[in-house]
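See below for the structure under consideration.
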Amino acid sequence: MDRDLDGIPLLMEFYMGLAPDLFDDEIEPGETTSTLTFRLSKDANNVTLTLLYSDEDMASWKAIGHSIRVLEDQSSWERIGADIDLGFGIQDRLFFQLQVDR
């Protein structure tokens with residue numbers, strides 16, 4: 001469900017500490033395709049994150065290993081940098097996806 005029609009499902013909005021009734025454009029790729037930057041709610045303790053990637057055709061998605069670092073610490077959320085190790089050279093175009101589960 002996506003009440004504010006911003007393309008971010010409610011569970012993802014909870015995980016990132018976003019407002020479910022306000023259109024958000026918080027999800028941004030980092031300067032390179034090896035780092036994703038996003039918000040993480042400090043209340044999302046029971047939610048797990050999986051990072052996925054796909055090549056140009058987006059026909060299949062694969063989980064990727066990552067290390068997380070805090071870039072900014074606010075009272076109710078943190079801005080996170082997820083450093084991604086694909087284990088191979090960068091393709092012409094890669095797509096990344098955040099998947100959250102309870």
**Asked** When ranked by the protection proxy of mean other Cβ atoms within 10 Å per residue, highest first, what sequence do the peptides 36-42, 96-102 form?
**Response** 36-42, 96-102
**Message:** Quick check on packing: order 48-54, 71-77 by the mean number of other C-beta atoms within 10 Å, highest mean leading.
**Reply:** 48-54, 71-77
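Every number in this text was worked out from the coordinates using simple rules, so none of it is lab data. Computed from a prediction, not measured in an experiment: that's the story for all the values here. Every residue, glycine as well, gets a Cβ built from its backbone with ideal geometry; the counts of neighbours run over all protein chains shown.
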